[in-house]
């Protein structure tokens, strides 16, 4: 019998920004905390250094920049370091190249298995059934990705603080590798089953941004397609 559930989550975000006026370099830091109804939680800190450069004086080129982004994602059972370089040649276009590395550990929380990282065991039908016992930290997960993001904001065409209807479309090619796995052995990270493989990732977001404390509301959807041997 199929089981359906609704996952509710809450995200608390604090942003800090400052600029070096002499070099016109901007620094931004985000602190985020997310918790969900399935007792998952994650803390994130992200720092961005924005290097502006201009290829012209028209509206298409005057705000060109390159952003160096560094982050740490921490959960009760995993940690993950992220680094990205983002080139913005046009106001509506971002080109991204980045990588990440992390690991995880396993433990029981009042009888609930917290699955950080490890290999899956197999049942008699040679299907992944249970997460392997052990403490974890027996390898690292590293990732690389590159992609293109398209952006849209209605206020560019109809100026106004209350006209910020925004849209974002992200396309990227990704590769991930868990050093504790051989070939296409299934493994888990943060409880989700996966493999060493390339994949294509697509996401879309449409939302409304407001100049008040409750600044954004929107709808997001995403899709991840593995290139071979999907489980």
Determine, yes or no, whether residue 151 is surrounded by 13 or more Cβ atoms within 10 Å (Cβ to Cβ), at pLDDT below 95 and assigned to a strand (DSSP E or B).
yes
Mind checking whether some residue in segment 38-45 is out of contact with any strand residue (DSSP E or B) (no Cβ under 7 Å at 6 or more places or on another chain), modelled with pLDDT of 70 or more, outside any strand (DSSP E or B) and surrounded by 14 or more Cβ atoms within 10 Å (Cβ to Cβ)?
yes
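Looking only at strands (runs of 3 or more DSSP E) that fall completely inside segment 61-126, which ones have 3 or more residues that are in contact with a strand residue (DSSP E or B) (Cβ under 7 Å, 6 or more places away or on another chain), more than 30 Å from residue 25 (Cβ to Cβ) and modelled with pLDDT under 85?
Answer list for segment 61-126: 117-122.
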Going by the structure shown, is residue 212 closer than 29 Å to residue 95 by Cβ and exposed (fewer than 12 other Cβ atoms within 10 Å of the Cβ)?
no
Inspect segment 165-172 for any residue being modelled with pLDDT under 90 and either farther than 25 Å from residue 74 by Cβ or not in a loop (DSSP other than H, G, I, E, B) (or both) and give the result as yes or no.
no
Give the residues of segment 178-196 that are within 23 Å of residue 97 (Cα to Cα) and either surrounded by 16 or more Cβ atoms within 10 Å (Cβ to Cβ) or within 14 Å of the chain's Cα centre (by Cα) (or both), sorted by residue number.
178, 189, 194, 195, 196
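The values are calculated or read from the model by the stated rules, or taken from the named source; none is laboratory data. Just so it is clear, the structure is predicted and the values come from calculations on it, not from any experiment. Note that we place each Cβ from the backbone using ideal geometry, even for glycine, and neighbour counts take in every protein chain shown.
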